[in-house]
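First the structure, in the form of structure tokens, and then the observations on it.
Derivation of every value follows stated rules applied to the coordinates shown; laboratory data play no part. From a predicted model like this one, the values you see are computed outputs, not experimental measurements. We place every Cβ from the backbone using ideal geometry, glycine too, and count neighbours over all the protein chains shown.
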Amino acid sequence: MVDATWGTGEAPRDVLGPVAGEPAFDEHRPPRRELVDDCVHCGFCLTTCPTYVLWGEEMDSPRGRIYLMKQGLDGEPMSDAMVQHMDACLGCMACVTACPSGVRYDRLIEDTRAQVERRHHRPPRQRLLREAIFALFPYPRRLRLLRVPLRAYQVTGLQRLVARSGLLPRLAPTLATLESLAPPLTRVPRPPRRVRARGPRRAVVGVLTGCVQGAFFPDVNAATIRVLAAEGCDVVVPPGQGCCGALSGHNGRDEEARGFARRLIDRFERAGVERVVVNAAGCGSSMKEYADLLRDDPRYAERAAAFAAKVRDLSEMLVELGPVARRHPLPVTVAYHDACHLAHAQGIRAQPRALLDGIPGLEVREIADPEICCGSAGIWNVLNPGPAAELGDRKAKDVLATGAQLLVTANPGCLMQVAASVQRLGGEIALAHTARVLDASIRGLPVSALLQPASSSR
Ligand code: SF4
Ligand code: SF4
């Protein structure tokens, strides 16, 4: 694990050595040379890269990492330094948006990370932490079980006692990070399997319930289903969905990701839906890449491409449909935060803003430096708590500077990360997923239903 104090100018030194003497990459899906060669070293991506912004190191920039990939393709071994710089990448894809040459850094880093995971020996402590994370997070049932002790911890006052003692960050920094990220848990019933469209049916859609979204933000799934039904969709929630594989895929566990992807394709094919709607940015961006993930699988390659073509972010789906449900006024100022995997990986920026603009009385305010990641990035904030907190605090300051009452975003990781930073800074702002804001407006709820400040709700 990376030292919790890291993040003030020093890069992590947390890896053992490479497989002695061998070239960095084997023949199984190395980063593609033609994609590496697309980089013309112009440097336009540097200022949007959070690790370059933090440390100003060339090798912690997209251009530097691509250079290291090229060295690997030319036969250099997988050095400690190479792994360290690849590990430090958040996978935020801000560089993909910024690059005028259209370099597919997303594909490059995914293939590189898979090579690192297969060919690099991590120290036992780091291996153990990663195994623990991947034995828990991609499994909705296990996460739901975790809700029981976590809720007891929150409601009995134990959480406040632990916070006052200040011991947890000193004794167990990773646990402290996880604890600070956990949202306040409330009881919400499981989503129904099928909900009929209100009014004439315009589409039949399946909804991904997700792992973290399903376990910690079931209210977002409930709101998503209500909004889709109100806009004329028959909504299907296929049972036994499991994980979409985003977390595994983004961390080089490509075989695991393929297994999750195959299972999800099977489940949604059986449901017979026209569209697959996703309300978590990281999941949606991965599912849209299934064709690439399963390109070498003769049984699934075509099906993966057909599935990926049906995937829509919730905001994308609603804009495609066009509104029919009446919007009631919500007099509130909103700061809209672009989740990286929505804005950079899926190119979705206009749709959520258009939906929010469509609510009478609601004012959208822009956040400074919107392209810079909040530091959540899947499990990056758990593996790198120091720099993640730096990025989170930076984002929280920019959010608070808007003076908005409500922060709206479309990713559970961003909500948890910014909430933790707002609390650390002693600020006050409520947080909500786009789905909850639309749902409140369509149902005519008072704005107070959305305005519980993140800091006071803990
Ligand atoms: S994905 Fe994000 S952190 Fe990684 S190189 Fe690109 S901009 Fe930097
Ligand atoms: S990745 Fe794109 S923007 Fe960055 S240096 Fe290469 S060509 Fe330029």
Full-stretch length increase - LEU136, GLU255 - with 0.36 nm per residue and alpha-carbon distance subtracted: 41.1 nm
J(HN,Hα) series, the stretch 275-285, from Karplus relation 6.51 cos²θ - 1.76 cosθ + 1.60, nearest Hz, glycine and proline x: 9, 10, 9, 10, 10, 10, 4, x, 5, x, 5
Neighbour-limited loop hits for trypsin sites (Lys or Arg not before Pro), the stretch 26-68 (at most 15 other Cβ within 10 Å; DSSP other than H, G, I, E, B): ARG32
Percent RCO, i.e. relative contact order, over the chain, from Cα pairs under 8 Å lying at least 6 residues apart: 16
Check: the chain dipole with +1 on Lys, Arg Cβ and -1 on Asp, Glu Cβ, in debye: 2380
Gain upon complete extension [ARG118, VAL40; 0.36 nm per residue less C-alpha separation]: 25.2 nm
Test item: Cα-centred dipole of the stretch 191-247, Lys/Arg +1 and Asp/Glu -1 on Cβ, debye: 260
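Given a Förster radius of 41 Å and the C-beta distance between THR156 and GLU320 as r, what FRET efficiency does 1/(1 + (r/R0)^6) yield to the nearest 0.05?
For THR156 and GLU320, the calculated efficiency is 0.35.
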Sequence-distant residues sharing a close amide H with ARG365 (under 5 Å, placed H): VAL334, ALA335, TYR336
10 °C / 1.306 mPa s Stokes-Einstein diffusion coefficient of the chain, Kirkwood radius on C-alpha pairs, µm²/s: 70
Separation between Cα centres of the stretch 380-444 and the stretch 281-324, rounded to whole Å: 26
The chain, helix-only ellipticity at 222 nm - DSSP H runs n ≥ 4, -39,500 (n - 2.57), divided by all residues, nearest 500: -14000 deg cm²/dmol
Principal axes of the stretch 48-125: Cα extent on each, largest first, Å: 37, 26, 17
Calculated Rg and Dmax of the stretch 235-348 using C-alpha coordinates, Å: 15.6, 53
Per-residue ³J(HN,Hα) for the stretch 341-346, Karplus 6.51 cos²θ - 1.76 cosθ + 1.60, θ = phi - 60°, Hz, x for Gly and Pro: 6, 9, 6, 7, 7, 10
Net +/- balance of residues flanking ARG312 in space, Cβ distance below 13 Å, scoring K and R +1, D and E -1: -2
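Is there a quick way to get the dipole size of the stretch 361-438? I mean about its Cα centre, with the Cβ of Lys and Arg at +1 and of Asp and Glu at -1; what is the value in debye to the nearest 20? Don't skip to the end; give the middle numbers.
On the way: 6 positive and 8 negative charges, 40 e Å.
In total the dipole reaches around 200 debye.
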At most 10 other Cβ within 10 Å, DSSP loop - GluC sites (Glu not before Pro), the stretch 15-91: GLU27
DSSP beta bridges in the chain [antiparallel fraction, %, rounded to 5]: 15
Average Cα contact separation per residue, the stretch 204-250, under 8 Å, 6 or more apart, as relative contact order %: 53
